[in-house]
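A.B. asks: Here it is, the structure in full.
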Amino acid sequence: MTEKEFQKQVIQFLKSQNIYHIKIWGGGFQKAGIPDLLCCIRGKFVALELKTEKGRATVLQKYNLFKIQDAGGYARVLRPAEFERFKREVLTGAI
């Protein structure tokens, strides 16, 4: 599965749950390393860096995920193998 295909699945799930989210498109006019999806789930700031099973987060992406967690948000690298668990966490209110 490509990252783009996985991203489509994640966004479909977020839409199905009426979760506010923004897809970040990297570019020259934007700060580097911002996670792919920024969401608000039950009042909590959630940042998701989407990767394939073999994809690797850059040092800057890891740093930004850490800073979000340090500030009280929920941030993680999300892979297809972990998607069902993520959905359960959202549906049960664990996030």
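A.B. asks: Under 7 Å by Cβ, and 6 or more places apart or on different chains, what pairs join a residue from segment 1-26 that is in a helix (DSSP H, G or I) with one that is among the basic types (K, R) and surrounded by 11 or more Cβ atoms within 10 Å (Cβ to Cβ)?
C.D. replies: That search, which allows pairs on different chains as well, returns E3/K51; I11/K23; F13/K87.
A.B. asks: Just to be sure before I move on: is E84 closer than 16 Å to M1 by Cβ and assigned to a loop (DSSP other than H, G, I, E, B) in the structure I sent?
C.D. replies: no
A.B. asks: Any idea which residue in segment 3-49 is surrounded by the fewest Cβ atoms within 10 Å (Cβ to Cβ), counting only those that are among the polar types (S, T, N, Q) and at pLDDT 95 or above?
C.D. replies: Ranking the candidates gives N18 first.
A.B. asks: In segment 27-56, which residues are closer than 24 Å to A94 by Cα, among the small types (G, A, S) and in contact (Cβ under 8 Å) with a residue 12 or more places away in the chain?
C.D. replies: A47
A.B. asks: From the list T52, T58, T92, pick out the single residue that is touching an Asp or Glu at 6+ places or on another chain (Cβ under 6 Å) and of a type outside the set (A, V, I, L, M, F, W, C).
C.D. replies: Selected residue: T52, the only one of T52, T58, T92 that is touching an Asp or Glu at 6+ places or on another chain (Cβ under 6 Å) and of a type outside the set (A, V, I, L, M, F, W, C).
A.B. asks: Considering segment 56-76 alone, what residues qualify as being closer than 13 Å to V46 by Cβ and either in a helix (DSSP H, G or I) or β-branched (V, I, T) (or both)?
C.D. replies: L65, I68, Q69
A.B. asks: Only one of these conditions is not met by I95: (1) surrounded by 11 or more Cβ atoms within 10 Å (Cβ to Cβ); (2) modelled with pLDDT of 95 or more. Which number is it?
C.D. replies: I95 satisfies all of (1) surrounded by 11 or more Cβ atoms within 10 Å (Cβ to Cβ); (2) modelled with pLDDT of 95 or more except (2).
A.B. asks: Which count do you get for residues in segment 25-84 that are more than 16 Å from F13 (Cα to Cα), of a type in the set (A, V, I, L, M) and in contact with a helix residue (DSSP H, G or I) (Cβ under 9 Å, 6 or more places away or on another chain)?
C.D. replies: The total comes to 5.
A.B. asks: If R88 satisfies all but one of (1) touching a His at 6+ places or on another chain (Cβ under 8 Å); (2) farther than 14 Å from I11 by Cα, what's the number of the condition it fails?
C.D. replies: Only one criterion is unmet by R88, namely (1).
The values are calculated or read from the model by the stated rules, or taken from the named source; none is laboratory data. These numbers come from a predicted model, not from an experiment. In this analysis, Cβ positions are derived from the backbone assuming ideal geometry, glycine residues included, and neighbour counts consider all displayed protein chains.
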